[in-house]
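**Q** Please read through the structure below; I'll follow up with questions.
The values are calculated or read from the model by the stated rules, or taken from the named source; none is laboratory data. Everything quoted here is computed from the prediction, not taken from an experiment. Heads up, the Cβs are rebuilt from the backbone with ideal geometry, glycines too, and the neighbour counts pull from every protein chain shown.
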Amino acid sequence: MKALRAAALLWLLLAPLLAVRAQALLDFTPTERALIAGHGPWPPAPVPDPSNRVDGQPAAVGFGRLLFFERALSADGTLSCASCHQPERAFQDGRRTARGRAEGQRNTTSLLDAAQRRWLGWDGAHDSLWSASVAPLLAQREMAASPAQLAATVRREPRLAAGYRAAFGAEPGPDHERVLVDLGKALAAYQATMVSERTAFDDFRDAMAQGDDEAAARYPPGAQRGLRFFIGEGRCSVCHAGPAFTNGEFADVGVPFFVPGGVDGGRHEGLTRLRASAHNRLGPHNDAGTADPRAVTTRHVVPQHRNFGEFRVPGLRQLVHTAPYMHDGSLATVDDVVRHYSELNEERLHADGERILRPLRLNAAQAADLAAFLHSLSSGGR
């Protein structure tokens, strides 16, 4: 009898917990499940860049890694790529705005998943990862080197010369511009390996896709509610779409674009610079030439008035580790970002731009749920 009483008591204690566990998974509709599945799988299969002949080659990856941490590439020998794109900070710097940015008062973007992007930089001034890697080597307020200085450094330093030979099968020759572009392509080969880790969301998404609702139920209820709002009423996934949580395009999200001394032209300025660049996919350094299918987009983009105030829609993966946020680093925390969209000032949006956004008007519980979901997109996120 004592054993039966003990068993009955144990059941009474466990029954509520089991019931909560059984109800932990929200009743996602087939449409919601399909939308959730569209945010994966992760990690994605590598997409080769036809414009970079050494993309994916181990020797180029190794040389690019060496270059990434090499201070001798800067004019005064004090800066490397890793000075601003710090591995321990998800390959950004944690500052509101980067030191010495030539393009204006902008936040340093993380390099994680950079190879997935069609356009590089907040303004999309680069259409390849190697072109985006060349720019800071030359920018006067960044590494401030010249093609001649960079080529001389590679020829002079034995380990750099050896790395160049291994990656490109030749000596760094007298053509300074060729050496410069090759450095960018080796750096791009290395950066293409910077793929963000899987997250709690990915485990949830995969479990849902496999019909394993028991495993999916381990995903926190708050994150589930935030996800439902993200793909539904909030319409966040219209712009933050796909496995990387970005459509890769540009938008005005009501963040001021005035900077000391003028205006940050955003996408409009970026398109102008892209079209004028000798390092775009239409130029002579594209290893695929006219066979590169990605060059078509570059050929047909045209700056429009609406592009003022537009900045790249960032991916949301590893969000927790890449603060502060927005193109100007003006929002310090994920909660600040949620509050921005909750209280969005529509009068700051261009009248001739997209009208996707509207104030979300979240209550405290909704804001907490949305933040919980966003945190789950980072490794170690709650």
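**Q** In region 219-274, which residues are within 21 Å of residue 38 (Cβ to Cβ), over 20 Å from the mean Cα position of the chain (by Cα) and part of a helix (DSSP H, G or I)?
**A** Once the filter is applied, which keeps residues that are within 21 Å of residue 38 (Cβ to Cβ), over 20 Å from the mean Cα position of the chain (by Cα) and part of a helix (DSSP H, G or I), region 219-274 yields 223, 224, 225, 226, 228, 229.
**Q** So which residues in region 300-319 are more than 22 Å from residue 88 (Cβ to Cβ) and crowded, with 21+ Cβ neighbours inside 10 Å?
**A** Kept after step one, since they are more than 22 Å from residue 88 (Cβ to Cβ), are these residues of region 300-319: 300-313.
307, 309, 310, 311, 312 - these are the residues of region 300-319 that are more than 22 Å from residue 88 (Cβ to Cβ) and crowded, with 21+ Cβ neighbours inside 10 Å.
**Q** Now a separate question. Any idea which of 297, 322 is closer than 27 Å to residue 111 by Cα, β-branched (Val, Ile, Thr) and surrounded by 13 or more Cβ atoms within 10 Å (Cβ to Cβ)? Step through it out loud before you land on a result.
**A** Values: 297 fails: surrounded by 13 or more Cβ atoms within 10 Å (Cβ to Cβ).
Selected residue: 322, the only one of 297, 322 that is closer than 27 Å to residue 111 by Cα, β-branched (Val, Ile, Thr) and surrounded by 13 or more Cβ atoms within 10 Å (Cβ to Cβ).
**Q** Also, quick follow-up: Just to verify a result, which residue in region 38-72, among those that are surrounded by 18 or more Cβ atoms within 10 Å (Cβ to Cβ) and β-branched (Val, Ile, Thr), is nearest to residue 127 (Cα to Cα)?
**A** Here the answer is 54.
**Q** Under 9 Å between Cβ atoms, at least 6 apart or on separate chains: pull out the pairs that start in region 138-164 with a residue that is touching a residue at least 40 places away in the same chain (Cβ under 8 Å) and within 17 Å of residue 184 (Cβ to Cβ) and end on any residue that is outside any loop (DSSP other than H, G, I, E, B) and of a type in the set (Val, Ile, Thr).
**A** 145/153; 150/179; 160/153; 160/154; 163/154; 164/154; 164/179
**Q** Inspect all residues belonging to region 278-287 and state whether any of them is loosely packed, with under 15 Cβ neighbours inside 10 Å, assigned to a loop (DSSP other than H, G, I, E, B), touching a residue at least 12 places away in the same chain (Cβ under 8 Å) and not aromatic (Phe, Trp, Tyr).
**A** Within region 278-287, none of the residues are loosely packed, with under 15 Cβ neighbours inside 10 Å, assigned to a loop (DSSP other than H, G, I, E, B), touching a residue at least 12 places away in the same chain (Cβ under 8 Å) and not aromatic (Phe, Trp, Tyr).
Here is a yes/no grid of residues against (1) more than 20 Å from the chain's Cα centre (by Cα); (2) part of a loop (DSSP other than H, G, I, E, B); (3) of a type in the set (D, E, K, R); (4) closer than 20 Å to residue 376 by Cα:
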position: 24; (1), (2), (3), (4): yes, yes, no, yes
position: 27; (1), (2), (3), (4): yes, yes, yes, yes
position: 31; (1), (2), (3), (4): yes, no, no, no
position: 36; (1), (2), (3), (4): no, no, no, yes
position: 39; (1), (2), (3), (4): no, yes, no, yes
position: 44; (1), (2), (3), (4): no, yes, no, yes
position: 48; (1), (2), (3), (4): no, yes, no, no
position: 53; (1), (2), (3), (4): yes, yes, yes, no
position: 63; (1), (2), (3), (4): yes, no, no, no
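Residue-by-condition table, conditions (1) modelled with pLDDT under 95; (2) surrounded by fewer than 19 Cβ atoms within 10 Å (Cβ to Cβ); (3) assigned by TED's automatic domain parsing to the domain that holds residue 227:
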site	(1), (2), (3)
345	yes, yes, yes
364	no, yes, yes
374	no, no, yes
380	yes, yes, yes
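**Q** Here's a follow-up. When you scan region 310-320, do you find a residue that is assigned by TED's automatic domain parsing to the domain that holds residue 362, within 20 Å of residue 255 (Cα to Cα), out of contact with any helix residue (DSSP H, G or I) (no Cβ under 9 Å at 6 or more places or on another chain) and at pLDDT below 95, even just one?
**A** no
Here is a yes/no grid of residues against (1) crowded, with 22+ Cβ neighbours inside 10 Å; (2) in contact with a Phe, Trp or Tyr (Cβ under 7 Å, 6 or more places away or on another chain):
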| site | (1), (2) |
| --- | --- |
| 108 | yes, no |
| 111 | yes, yes |
| 118 | no, no |
| 132 | yes, no |
| 140 | no, no |
| 209 | no, no |
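**Q** Take region 288-304 and flag every residue that is small (Gly, Ala, Ser) and either in contact with a strand residue (DSSP E or B) (Cβ under 9 Å, 6 or more places away or on another chain) or part of a loop (DSSP other than H, G, I, E, B) (or both).
**A** Pass one, region 288-304, residues small (Gly, Ala, Ser): 288-289, 291, 295.
Hit for region 288-304 is 288, nothing else.
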